[in-house]
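Quick notes on the structure that follows.
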């Protein structure tokens with residue numbers, strides 16, 4: 001099953017969290033660039049966490065652009081594996097970071113927070129200094 005299917009199953013209470021994480025890590029996600037090619041990855045900060053925006057396809061990204069009232073401009077993006085986002089990009093963030101997938105889709109979004117099992121242990125907010133779940 002692809003990532004959108006796993007998200008739907010989880011939201012319906014029938015999914016398997018391990019399968020969801022596996023599909024997320026294998027998925028090629030579209031990550032918009034802030035200010036075009038000259039900017040970094042588009043994100044927002046909420047509750048002290050930096051949420052990197054990622055989308056499963058161009059249609060999901062277009063819905064995001066419409067909700068922001070910015071559908072009239074060209075959106076530049078990178079295609080990045082979910083695993084690369086959490087294993088390489090999250091550790092470079094200046095604060096705890098996670099990934100918000102299809103954030104404009106009311107019934108199809110999913111947040112992958114900075115917790116053990118999703119991000120590297122050194123970036124997980126739920127682990128104490130000793131690497132043990134808090």
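The values are calculated or read from the model by the stated rules, or taken from the named source; none is laboratory data. Just so it is clear, the structure is predicted and the values come from calculations on it, not from any experiment. Don't worry about glycine lacking a Cβ; one is built from the backbone with ideal geometry, like all the others, and counts go over all protein chains shown.
Kindly indicate the residue of region 58-78 that is in contact with a strand residue (DSSP E or B) (Cβ under 7 Å, 6 or more places away or on another chain) and over 17 Å from residue 40 (Cα atoms) and also surrounded by the fewest Cβ atoms within 10 Å (Cβ to Cβ) among those meeting that condition. First the steps, then the outcome.
To start, the set of residues in region 58-78 that are in contact with a strand residue (DSSP E or B) (Cβ under 7 Å, 6 or more places away or on another chain) comprises 58, 61, 64, 75-78.
Within this subset, residues satisfying the condition of being over 17 Å from residue 40 (Cα atoms) are 58, 64.
Details: 58: 11, 64: 23.
Taking the candidates together, the pick is 58.
Could you check how many residues of region 31-66 are in a helix (DSSP H, G or I), modelled with pLDDT of 95 or more and farther than 22 Å from residue 113 by Cβ?
Qualifying residue count, region 31-66: 6.
Given 100, 88, which one is surrounded by 15 or more Cβ atoms within 10 Å (Cβ to Cβ) and out of contact with any helix residue (DSSP H, G or I) (no Cβ under 8 Å at 6 or more places or on another chain)?
Every option except 100 fails the conditions.
If a residue has to be in a loop (DSSP other than H, G, I, E, B), modelled with pLDDT of 95 or more and surrounded by fewer than 21 Cβ atoms within 10 Å (Cβ to Cβ) to count, how many in region 106-116 make the cut?
Residues that pass the stated criteria total 3.
Please work out which one of (1) surrounded by 14 or more Cβ atoms within 10 Å (Cβ to Cβ); (2) closer than 25 Å to residue 15 by Cβ; (3) touching a strand residue (DSSP E or B) at 6+ places or on another chain (Cβ under 6 Å) is the condition residue 50 fails and give its number.
Residue 50 satisfies every listed condition except (2).
Looking at 54, 83, 44 in this structure, which one is over 15 Å from residue 105 (Cβ atoms) and in contact with a helix residue (DSSP H, G or I) (Cβ under 7 Å, 6 or more places away or on another chain)?
Selected residue: 83, the only one of 54, 83, 44 that is over 15 Å from residue 105 (Cβ atoms) and in contact with a helix residue (DSSP H, G or I) (Cβ under 7 Å, 6 or more places away or on another chain).
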